[in-house]
1. Quick check: anything in region 87-108 loosely packed, with under 13 Cβ neighbours inside 10 Å and assigned to a helix (DSSP H, G or I)?
2. Exactly one of (1) within 29 Å of Thr7 (Cβ to Cβ); (2) more than 16 Å from ligand 1 (Cβ to nearest atom); (3) of a type in the set (D, E, K, R); (4) surrounded by 11 or more Cβ atoms within 10 Å (Cβ to Cβ) is unmet by Asp56. Its number?
3. Please work out if Glu120 is more than 25 Å from Val71 (Cα to Cα), part of a helix (DSSP H, G or I) and among the charged types (D, E, K, R).
4. Scanning region 107-142 for residues that are of a type in the set (Ser, Thr, Tyr) and modelled with pLDDT under 90, which turns out nearest to ligand 2 (Cβ to nearest atom)?
5. Within region 78-91, does at least one residue satisfy the condition of being of a type in the set (Phe, Trp, Tyr), within 16 Å of ligand 2 (Cβ to nearest atom) and modelled with pLDDT under 85?
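The values are calculated or read from the model by the stated rules, or taken from the named source; none is laboratory data. This structure is a prediction, so every number in the text was calculated from the model and none was measured. Cβ placement follows ideal geometry from the backbone for every residue including glycine, while neighbour counts extend to all protein chains displayed.
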Amino acid sequence: MEQDLRTFEEICREHGLKITPQRTAIYQELLKSNAHPSAIMIHQRIKKYYPNVSLDTVNRTLITFAEIGLVRIVEGRGDPKRFDPNPRPHHHFRCIRCGKIVDFYNEEYDALEIPAELKEKFLIISKRVNLEGICDSCRNSR
Ligand SMILES: [Zn+2]
Ligand SMILES: [Zn+2]
C-alpha cells in the first residue's frame, strides 16, 4: 500500500498533477477495493472524510487518473450497456474522455491465441482487443 502510494505520487509528479489530500484519498479508496468501483461508490466512501467533495469531482479525478495511466476504465455491470452492430471480427478503441467507441480491424489481433488456462476454465465466446486513450476530437479540443 505504501509502495503503491509512492508510485501514485511519482506518476502524479511526472504528469504535473498536484497531489492534494483529496486526490490521495480517492486513490486510496480505489486501492482498497478490488471490485472495480464506480465513481459513485468511491464518492460514497470519500464523503465520510470529505463531505464537500462532489460526485462530479470524484468522477473527473478518476478520469484524470485514467488519462495519466494510473487507473484503467473497465465496463462494469452498472454502466449503460453498449450495443455493437458490427458483425465482422473487429477491435475497439475507446475514448476515456467522451466515451466514444471506434471499431478497427487488425488481422494480427484477430489471430491472438486465447491462453490455455483461460480456455480450460471459461467458455470463451468472443475475443476482442480493447484499446483506450484520447480520441482525435478530444485531443484537438484541449
Ligand atoms: Zn473523445
Ligand atoms: Zn465494435
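1. Taking every residue of region 87-108 in turn, at least one turns out to be loosely packed, with under 13 Cβ neighbours inside 10 Å and assigned to a helix (DSSP H, G or I).
2. Asp56 satisfies every listed condition except (4).
3. yes
4. Only one residue tops the list, namely Ser126.
5. Within region 78-91 (the criterion being of a type in the set (Phe, Trp, Tyr), within 16 Å of ligand 2 (Cβ to nearest atom) and modelled with pLDDT under 85), the answer is yes, since at least one residue qualifies.
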